[in-house]
Every structure is written in C-alpha cells, then in structure tokens.
Amino acid sequence: VDLAAVAAAGVRIGVDPLGGAGVEYWGAIGERYGLDLTVVNHRVDPTFRFMRVDWDGQIRMDPSSTYAMQGVVSLRERFDLTAACDTDHDRHGVVTPAGLMPANDYLAAMADYLCRYRPEWPAAAALGKPVVTSEMLDRVAARHGRATYEVPVGFKWFTNGLLSGTLVFAGEESAGSSFARRDGSVWTTDKDGITAVLLAAEMTARTGRDPAEHYRDLARHVGDPVYRRIDAPASPEQKARLAALGPEPLAGRTVAGEAVERVVTRASGNDESIGGLKVSTHDGWFAVRPSGTEDLYKLYAESFLGADHLERLLADAHELIDGALTAGQA
C-alpha cells in the first residue's frame, strides 16, 4: 500500500480494532508512516460488552454488519475514512461519510482500483472469488482484461494462486481479502484486514475520491446489483439433502422469468465441489449451500435488474429448497 501518498494527502483515518489483535498495531502503523490515524477504541474486554449487538441480538465482531458496526458508523463525520477489523483482523469494514460500505461493493471498488494503479502486476494474473461472492468482480475482471478464478467458499482455495502469482487479488463476500504487493509478488496467502483498510486510504489519497465514490462510478459503467444472503435453520439430514442437490430439477426451467443458463455444483476455477448448487440466468443468480459449522443453510442471491427481480430469484430458490427439505417426508 502506498502509505507515503496517504501521509502526504493528510487523509484522516479513524480505526476501531474491536478489541482484537490489532489494538497495538494501528497506532504503531500510524506513527511509523506519519499518518493522521486515530485509534478510537483501545478497549480489550473478553466480554466485548462495548459492542453493539448484531441483527439477532448476539455480540459478534462482524465488521461487515450494519448492526455490529453502528458505533463505528456514528464516527463517520469525524474522519475522511473510518474502519474496523474483526478480532483476528483478517476481515475489514470500511465506513465513508456515506456510511458502511457493503462488503461486495468495497471488494469491487478495491479490485477496480488495483487493476488501474498496479501497473507492475502480471497481465495474465487473475482475480479470485468464491462462487457466492458478487459477480461485480467478474465484470471488473473483464473490464481490465483479466480472468476470474472462481472457487468454493473458503480462503484456502486461493493460497496456491496467491503464492505463485497467478492470482493478484482474492476477495470474499464476508469481507475478507488479500492482494499482491505493488510489484506483483505475494504479500500473504491469507486474508488481511489491515491492508484492506489502508488501501481505502490510498484510494482516497491518490484520486481524491473515497471508495464509495469509486464504487458509484464503477456501477455506472458495469452495473449496480442488489445482493442478499439469508441464513435459515436446517437439520443435519436436511443439510445433507441440500448438499446433494443436482441440476436435474432445473432442466428447461426459468428462474425469475429468465431462462436458466447455468447450473453448477463444482467451481469453474479448480473443479472442487461447492457443497451445494448455484443457478445463473442472464441477469442474476442464486446459490444454496449447507453451513459447515452450524445447523443452518445459506441462501445467496444477486440481481442486476433490481430489488423486484431479486425477490423473484429468492422466491424460486425457496421453492427449490423447500422441495429438497421435504423430500421423503410423509
């Protein structure tokens, strides 16, 4: 990250480490590189009682949650950029004067900016994304003549590509990302919330526009999708049925009024099972997969036609899911 440019531009940065592993790092970074960086919360408390509760009333250090991040968002007028990372600092939340950026929006803005401002990156290197992350990244990659490397959920699938340099960026919808050094060599093969936050400051310093403004400009050129993720209860038996879904029930079908163009159960990048099903039409898609850690299933959907089309995608997805969950029941 070009921190000299950030220091020269005097970008005012506020950071909340959310009581996590970066508490002692942020101040040291600001001091070493001469940044106008303020750590707004130095508290370390194993109960995390300083956190705003998440959507379900639970305390969760999720920097991509508009609920959990309300305390950080409330500071947005004090700084040019306000940000937070989760407790192990591998995920990021970026707040501009307009509010908290959705994780997918910031990933797209990051990728587009990096493709423009990293001229030493190998031209053949791809951008990586899991199958359930916004297809804005596919459009950004195409805009810059790069390929997309699509994998199942799990950042481990990007390790070899980042290490070898065949990937220069990887991002997932849960606000984790990694990108190469300015010379194209590997920085880290894991998610890094600190560099993601500092890149937002670089973007602001070098262009005079914050990441939300970058995203709005990008959306005017490649589309402005609506995205949603839903978590719902599922027993181990129901999760097994969802994991076994195949393309057969969708043969010759339409989804949300559009012909089904693609149904996949394996990722195009590495041919590994995605643990569920992804259904794509010309202007949208949905994917369903059982959680690997909880008795839940996860439904993701995205539309480039707007909120009404998204609701139709979700309705058709629920019909497919309900059929799978009730299979074999009396």
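The values are calculated or read from the model by the stated rules, or taken from the named source; none is laboratory data. Since the model is a prediction, treat every value here as computed from it, not as a measurement. Cβ atoms come from the backbone with ideal geometry, glycine included; neighbour counts cover every protein chain shown. Surface accessibility is based on the protein's heavy atoms, side chains included, excluding ligands, DNA and RNA. Shrake-Rupley method; radii C 1.70, N 1.55, O 1.52, S 1.80 Å.
Can you give the log10 of the normalised intensity I(q)/I(0) at q = 0.14, 0.24 Å⁻¹, computed with Debye over equal Cα scatterers of the stretch 85-151? Debye intensities relative to I(0), on a log10 scale: -0.47, -1.10. Couplings 3J(HN,Hα) of the stretch 68-84, computed from phi: 5, 8, 4, x, 6, 4, 5, 9, 4, 7, 7, 9, 6, 9, 10, 8, 8 Hz, in residue order, whole Hz [Karplus 6.51 cos²θ - 1.76 cosθ + 1.60, θ = phi - 60°; x for Gly and Pro]. Here residue 157 sits with roughly 70 square angstrom of accessible surface, probe radius 1.4 Å. With the convex hull drawn over the C-alpha atoms of the stretch 178-325, the volume per residue is 151 Å³. If only the Cβ of Lys and Arg carry +1 and only the Cβ of Asp and Glu carry -1, the dipole of the chain around its Cα centre is close to 440 debye. For the stretch 52-64, backbone phi angles converted through the Karplus equation (6.51, -1.76, 1.60; θ = phi - 60°) give residue-by-residue couplings of 6, 6, 7, 4, 9, x, 8, 8, 8, 7, 10, x, 9 Hz, Gly and Pro being listed as x. Phi angles of the stretch 278-289 translate, via the Karplus equation with coefficients 6.51, -1.76, 1.60 and θ = phi - 60°, into HN-Hα couplings of 10, 10, 10, 10, 5, 10, x, 7, 9, 9, 10, 8 Hz per residue; Gly and Pro are given as x.
Rounded to the nearest angstrom and listed largest first, the equivalent-ellipsoid semi-axes of the chain from its Cα gyration tensor are 34, 23, 18. If the elastic network links every pair of Cα atoms under 10 Å, which of 305, 242, 162 fluctuates the most in the Gaussian network model of the chain? Judging by the Gaussian network model, the answer is 305. Partners of residue 278 within straight-line reach, counting aspartates and glutamates whose Cα lies under 14 Å from its Cα and excluding those fewer than 8 residues away in the same chain: 135, 150, 248, 261, 302, 316.
Amide hydrogen proximity for residue 83: with H placed 1.01 Å from N in the peptide plane, the residues at 5 or more positions away or on another chain lying under 5 Å are 14, 15, 16, 95.
Which whole-number percent is the relative contact order of the stretch 177-330 (Cα, under 8 Å, 6+ apart)?
In percent, rounded to a whole number, it is 21.
A DSSP coil position with no more than 15 other Cβ atoms inside 10 Å describes the following chymotrypsin sites (Phe, Trp or Tyr not before Pro) in the stretch 184-255: 187.
Computing Rg and the Kirkwood Rh from the Cα coordinates of the stretch 143-242 gives a ratio, Rg/Rh, of 1.04.
Roughly how tilted is helix 211-222, in degrees to the nearest 10 and between 0 and 90, from the longest Cα axis of the chain? Helix 211-222 sits roughly 40 degrees off the main axis of the chain.
Counting only alpha carbon atoms, the long axis of helix 193-207 and the longest principal axis of the chain meet at about 70°.
By accessible area, using a 1.4 Å probe on protein heavy atoms only, the chain has 48% of its surface on carbon and sulfur. Taking every alpha-carbon pair within the stretch 170-225, the share separated by more than 19 Å comes to 41 percent.
A cut-off of 5 Å between modelled amide H atoms, ignoring neighbours fewer than 5 places along the same chain, links residue 297 with 232, 234, 291.
For the stretch 126-200, trypsin sites (Lys or Arg not before Pro) are listed when DSSP marks them as loop and at most 16 other Cβ atoms sit within 10 Å of their Cβ; the list is 181, 182. Computed with the Debye formula from one identical point scatterer per Cα of the stretch 1-133, without solvent, the log10 of I(q)/I(0) at q = 0.13, 0.15, 0.16, 0.23 Å⁻¹ comes to -0.61, -0.81, -0.90, -1.45.
Each Lys or Arg adds one and each Asp or Glu subtracts one; over the other residues with Cβ under 12 Å from the Cβ of residue 207, this totals -3.
If you take the Cα centroid of the stretch 1-45 and the Cα centroid of the stretch 56-104, the two points sit 15 Å apart. Taking the empirical scaling 2.2 N^0.38 Å for compact globular proteins as reference, the stretch 229-313 has a Cα radius of gyration ratio of 1.10. For the chain, a Gaussian network of Cα nodes joined below 10 Å ranks 29, 13, 274 by mean-square fluctuation, and the top entry is 29. Across every pair of non-identical alpha carbons in the stretch 142-198, the mean reciprocal distance, once inverted, gives a Kirkwood radius of 11.7 Å. Among 273, 303, 178, the residue with the largest mean-square fluctuation in a Gaussian network model of the chain, with springs joining Cα atoms closer than 10 Å, is 273. Computed over protein heavy atoms with a 1.4 Å probe, the accessible surface of the chain works out to 44 Å² per residue.
The shape of the stretch 48-117 comes out prolate: with a ≥ b ≥ c from the C-alpha gyration tensor, a/c is at least 1.5 and a/b beats b/c.
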